[in-house]
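Values in this text are rule-based calculations from the coordinates and carry no lab data. Since the structure is predicted, the reported quantities are computational estimates derived from the model, not experimental observations. Because the Cβ atoms are built from the backbone with ideal geometry, glycine has one as well, and the counts that use them run over all protein chains shown.
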Amino acid sequence: MRELLRKFSEAYGPSGREQQIARLISEEIRECVDEVFTDTLGNLYAVRRGNGAKVMIAAHMDEVGVIVTFIEEKGFLRFSNIGGLSPYVLLGQKIVFANGTVGTVGMEKLEDIKKLALDKMYIDIGAASRDEAAAKVRIGDIAVYYRELTIAGSRAIGKALDNRAGCAVLVNALKNLDRTDNEIYAVFTVQEEVGLRGSRTSSYRLNPELGLAVDVTPVGDTPEPPAAMDVSLGKGPAIKVKDASVICHPRLKELLLDLAEREGIPCQLEVLQSGGTDAGAIHLTREGIPSAVISVPCRYLHTPGEMADLTDMENASRLLKTFLTHPLEMNKIFPCYLT
Amino acid sequence: MLLSRLSEACGVSGDEGEVREILKEELSGYGELKTDTLGNLFVRKGAGRKPRLMLSAHMDEVGLMVAGFEKSGLLRVHKVGGIDDRVLVSKPVRVGKNRVPGVIGAKPVHLQKPEERKKAIAIDNLFVDLGVRSQEEAEKLVKPGDYAAFAAKTRAAGDNCLTGKAFDNRAGCAILAEVLKDDYPLELTGVFTVQEEIGLRGAGVAAYSVYPDLALVIETTSASDVPGTSEAGHVTRLGAGPALTLMDASFITPQPMLDLLVRTAEKHAIPYQFRRLTTAQTDAGKISLAHEGIMTAVISVPCRYIHSPVSLLNLDDWHNTLKLVKSVLQSIVEGGLPECASY
């Protein structure tokens with residue numbers, strides 16, 4: 001799991017430009033599934049054929065980034081954000097483009113640091129002129145944080161754990177999956193960070209009976225946490241009750257809790273005030289698709305120093321594997337709806 | 001000139017009929033015409049050919065809607081679409097089906113308290129004056145729910161420029177109409193969409209219905225090369241050619257589409273620029289997510305002072321945008337669809 005996470009975390013893949021991370025994931029899973037394919041938006045699908053329930057598991061592979069909108073005469077790059085990115089966090093960071101060009105983020109002179117905003121900032125790639133910059137970076141090119149993964153005990157620190165941690169959990173589960181009748185569609189989705197876009201088109205395409213998203217969740221276990229919530233690092237995967245995009249189907253949520261208890265997998269319940277996941281798009285697809293979410297608790301989201309617990313990830317993977325091999329008989333899960 | 005006629009027509013979101021009729025008349029004989037339940041106008045050419053392309057331009061403009069009456073006969077109004085309250089005062093409008101002339105009024109400057117003068121007058125304190133003496137008289141002319149559209153004649157200005165209202169997006173409609181008069185060896189559906197300004201509402205159902213292999217959105221975007229903005233903050237510049245969208249709040253242009261547009265513009269020596277703003281939305285947001293996802297791009301005519309009673313565009317930009325759209329179709333005819341990534 002650790003090496004999988006390292007590979008995925010350090011890979012390049014902002015929203016809308018997920019090719020590099022998709023290729024890495026594709027190489028990892030090719031051997032353990034029956035089919036791999038992609039679609040117009042760039043979603044990566046991995047299929048395990050079966051005669052049972054058709055289940056879609058979504059893990060978004062995109063990360064937040066910055067997009068170049070203008071190159072100044074002296075070679076500085078002006079930019080805008082892709083996904084939720086704080087100017088305070090970005091200041092002074094190294095960032096990297098798809099072709100490996102590295103830059104650092106600077107700011108104009110400001111009387112008051114509270115006035116820091118992205119339009120007062122620029123990327124410096126060490127170019128002395130517009131021409132020199134344009135030889136390395138084009139307008140419209142997108143950069144992500146440049147950061148290697150560090151392991152600190154059972155915990156990992158790095159960029160894009162949102163949601164490469166989820167990708168690693170899903171890949172790990174697929175690699176260790178026992179025989180099952182369920183027809184499993186693992187979808188590594190694009191453009192989650194800009195509005196759950198890849199999961200919308202992929203769930204429409206697949207029209208599954210059940211949807212499950214694997215993503216990260218913020219936690220409430222740090223000093224004066226940004227949101228009051230009862231999720232901690234190291235206490236196991238979180239089973240989502242709700243966020244701003246979805247109220248998870250209660251029967252599916254209970255099924256996950258039952259399976260965790262049966263297998264002795266530690267887990268916690270997540271009630272998230274703001275933020276959304278792919279399940280938000282999936283559950284409203286076509287005529288409605290019952291959906292749930294398994295979350296990896298993660299601190300410092302959308303910074304280059306996100307932190308997750310590898311044991312939580314192992315346990316999330318075990319829970320996912322248990323769910324995917326459970327006989328998902330719709331009339332048993334939803335007796336009141338399907339008679 | 002088609003652009004003038006389209007610009008001068010009233011067509012606030014949800015009330016696009018007048019614009020649609022002009023386009024139907026203009027395009028009759030150039031393809032199969034159809035209007036859907038929301039009011040989107042479809043013009044299909046070469047049905048059954050491959051690939052299937054959709055070109056879209058929204059017909060609606062921002063404006064006002066009558067919400068109620070004062071005893072005096074003045075009309076209370078709501079905004080439809082994104083309008084800066086500060087541009088409304090003292091502007092002429094035409095209201096309702098009979099295009100009743102009126103003016104947007106406010107408390108006169110003489111009667112405003114010093115603190116009131118410092119602030120923009122909000123829509124709640126504005127009204128439309130039809131020049132009638134009572135609510136009864138006003139009610140004979142217009143009804144609640146009637147639309148008020150800005151009234152401005154299209155005029156030539158300066159160095160090959162035009163001033164007028166609703167260039168966003170009648171400039172795009174006029175381009176799409178011209179494109180549809182040519183024939184291409186592919187299935188081409190031009191869609192003039194409704195209700196873009198209030199949430200991209202027409203485009204979603206239109207794309208669902210057409211389900212094309214590729215879509216191009218023809219739009220009008222802010223040219224903000226005016227004092228008070230830095231060069232990096234100019235969304236686009238007037239006269240610098242069609243603007244290509246990198247991303248906006250609803251959409252990220254796929255790299256193969258961006259490459260196709262840039263390659264085509266360079267091959268035909270058409271000037272182009274990138275839109276330096278990554279917020280706001282266009283029909284591409286809805287079209288690109290229809291069905292299983294659709295390859296989409298946005299090409300825009302730069303235009304100053306959009307979403308106001310009078311805007312200004314450069315006709316060289318308009319012609320170059322038309323040329324680029326036609327050339328992109330030609331590129332697809334010659335080189336096929338841009339390839340999606342596969343891993």
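What the table below lists for this structure:
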item	result
Label-point gap, in nm, between residue A:247 and residue A:35 - each point 7 angstrom along Cα→Cβ	3.6 nm
Candidates per trypsin sites (Lys or Arg not before Pro) in the range A:178-236, loop by DSSP, up to 10 other Cβ within 10 Å	A:179
Farthest toward positive dipole pole in the range A:78-156 [+1 Lys/Arg, -1 Asp/Glu at C-beta], among A:97, A:139, A:156	A:156
For the range A:28-35, 3J(HN,Hα) per residue [Karplus equation, 6.51 cos²θ - 1.76 cosθ + 1.60, θ = phi - 60°, Hz, x = Gly/Pro]	5, 9, 3, 6, 10, 10, 7, 7
Set of aspartates and glutamates with alpha-carbon distance to residue B:267 below 17 Å, sequence-local pairs under 8 removed	B:259, B:334
Total charge dipole magnitude, the range A:281-339, about the Cα centre, Cβ charges on Lys, Arg, Asp, Glu only, Debye to nearest 20	140 debye
Positive dipole terminus of the protein assembly as shown, leading residue within A:5, A:57, B:214 (C-beta point charges)	B:214
Under-5 Å amide H pairs with residue B:56, H placed in peptide plane, nonlocal only	B:191, B:216, B:217, B:218
Label point at residue A:155 placed 7 Å out along Cα→Cβ; residues across the range A:225-246 whose backbone nitrogen lies under 15 Å	A:225-226, A:231-236
For the range A:112-241: relative contact order, % (alpha-carbon pairs under 8 angstrom, 6 or more apart)	14 percent
Assigned charges on the beta-carbon of Lys, Arg, Asp, Glu; chain A dipole about Cα centre (debye)	200 debye
Options B:67, B:277, A:123, ranked by Cα towards positive dipole end of the protein assembly as shown, top entry (Cβ charges)	B:67
Under 5 Å, built H, 5+ apart or other chain: amide partners of residue B:296	B:215
Length-normalised contact order of chain A in % [C-alpha pairs under 8 Å, at least 6 apart]	23 percent
Added length on full extension, which subtracts the Cα-Cα distance from 0.36 nm per residue, residue A:286 to residue A:114	57.5 nm
C-alpha long axis of helix A:161-175 to longest principal axis of chain A, angle in °	40 degrees
Residue B:262 paired with residue A:74, simple spin-label distance in nm, labels 7 Å along Cα-to-beta-carbon	2.6 nm
Shape call, the range A:1-111: gyration tensor on alpha carbons, a/c limit 1.5	prolate
Point-to-point label distance, residue B:140-residue A:222, nm (Cα→Cβ direction, 7 Å offset)	6.9 nm
Proximal aspartates and glutamates relative to residue B:118, as straight alpha-carbon distance under 18 Å, when same-chain residues fewer than 8 apart are discounted	B:84, B:85
Value of relative contact order over the range A:44-127, rounded to a whole percent, pairs C-alpha under 8 Å and six or more apart	26 percent
Estimated dipole of the protein assembly as shown in Debye, rounded to 20 [Cβ of Lys and Arg +1, of Asp and Glu -1, Cα centre]	920 debye
Candidate lysines for bridging to residue B:286, where Cα separation is under 29 Å - those fewer than 8 sequence places away on the same chain excluded	A:54, A:240, A:242, B:24, B:34, B:45, B:50, B:79, B:165, B:181, B:323, B:326
Helix B:167-180 vs. chain B, principal-axis angle (Cα, 0 to 90°, nearest 10)	40 degrees
The range B:57-167: C-alpha gyration tensor shape, a/c 1.5 cut-off, then a/b vs b/c	oblate
Among B:40, B:125, B:169, residue whose mean-square fluctuation peaks in a GNM of chain B (springs only between Cα atoms under 10 Å)	B:125
Cα gyration tensor category, rounded, prolate or oblate, for chain A with a/c compared to 1.5	prolate
